[in-house]
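Novice: This structure is in structure tokens; I'll ask about it shortly.
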């Protein structure tokens, strides 16, 4: 069982509310999304493990059991090519759950015309394996969902 | 073993939408399918984690392989997804 933490503060939403069909239709995997608070913040690792992929706008942490969680900071933010994001860790780093990985500003993403909502996805999981914990407001590091 | 070599044309590489579509298509098949960067270790093409971690960028060449009945049709479908701009 893996407890997945909120990588950012905001309001927990169902993935289907994300304005990108890749996430809302569960094509990447099941999970939840967070409508982030519109202020500068640091996105943290949702689980303990190794950062196997680190882009400024998205990262994947894999736990010791091989389970990977994707955190995507905003929608279509790959187009920003890292502008407005500061990477605070390195690929291959071991991180604790709750450890800062990327600094960013959701307000800036929104001002640039993009949606700052953050999908948090259990990779290679079936939908039934994910049970929502958070409903409504979450702080960074709060429990978001359980992956059984 | 059927094989295709494809150059990835998508601006974002094999991430996000192309990666999800690629893995979903591979996962529907009963065959084992692998994808590798040219010269690299093959990974399970049915795993979104494995495909995202492979980090295929625009312009990279990938090798996809499958064996068994329907391998050619499956690889053709995957090649189409991977090569789409």
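Bear in mind that the values in this text are calculations on the coordinates, not laboratory data. Values in this document were obtained by computation on a predicted structure and should not be read as measured data. So basically every Cβ, Gly included, is an ideal-geometry build from the backbone, and we count neighbours across all protein chains shown.
Novice: Please give the helix B:16-28 orientation as an angle from the longest Cα principal axis of chain B, in degrees from 0 to 90, rounded to the nearest 10.
Specialist: Orientation of helix B:16-28: about 10 degrees from the principal axis.
Novice: Roughly how compact is the range B:2-83, stated as its Cα Rg over 2.2 N^0.38 Å to two decimals? Before the final figure, lay out the partial values.
Specialist: Details: Rg = 11.0 Å, N = 82, 2.2 N^0.38 = 11.7 Å.
Dividing the Cα radius of gyration by 2.2 N^0.38 Å gives 0.93.
Novice: Taking other Cβ within 10 Å of each residue's Cβ, how do B:57, A:67 sort, fewest first?
Specialist: B:57, A:67
Novice: Any idea what angle helix B:71-83 forms with the longest principal axis of chain B, computed on alpha-carbon atoms, 0 to 90 degrees, nearest 10?
Specialist: Roughly 10 degrees, rounded to the nearest 10.
Novice: In addition: Can you tell me the relative contact order of the range A:2-147? Whole percent, Cα pairs under 8 Å, sequence separation 6 or more.
Specialist: The normalised contact order for the range A:2-147 reaches 36 percent.
Novice: Here's a follow-up. Report, in cubic angstrom per residue, the convex hull volume of the C-alpha atoms of the range A:68-148.
Specialist: Numbers: hull volume 10.2 nm³, N = 81.
Enclosed volume per residue, from the Cα hull, is 126 Å³.
Novice: Here's something else I'd like to know. Using helices alone, what [θ] at 222 nm do you get for chain B, with -39,500 (n - 2.57) per DSSP H run of 4 or more residues, divided over all residues and rounded to the nearest 500? The partial results should precede the final answer.
Specialist: Working: 3 runs with 33 residues, N = 85.
About -12000 deg cm²/dmol.
Novice: Now, a different point. So for chain B, averaging the separation of alpha carbon pairs under 8 Å that are six or more residues apart and normalising by length, what relative contact order in percent results?
Specialist: This gives 48 percent for chain B.
Novice: In deg cm²/dmol, rounded to 500, what helix-only [θ] at 222 nm does chain A give when every DSSP H run of at least 4 residues adds -39500 (n - 2.57) and the total is split over its residues?
Specialist: So the calculated ellipticity at 222 nm is -1500 deg cm²/dmol.
Novice: Right, next: Describe numerically, in nm with one decimal, the distance between label points set 7 Å from Cα along Cα→Cβ at residue A:94 and at residue A:143.
Specialist: Result: 2.5 nm between the two label points.
Novice: Can you tell me the Rg and the Dmax, both Å, for the Cα atoms in the range A:2-147?
Specialist: Calculated on Cα positions, Rg and Dmax stand at 13.4, 39 Å.
Novice: Using alpha carbons only, how many angstrom separate the centre of the range A:102-142 from the centre of the range A:34-50?
Specialist: Here the answer is 8 Å between Cα centres.
Novice: Among A:116, A:21, A:106, whose mean-square fluctuation peaks in a Gaussian network model of chain A (Cα, cutoff 10 Å)?
Specialist: So, out of A:116, A:21, A:106, the one fluctuating most is A:21.
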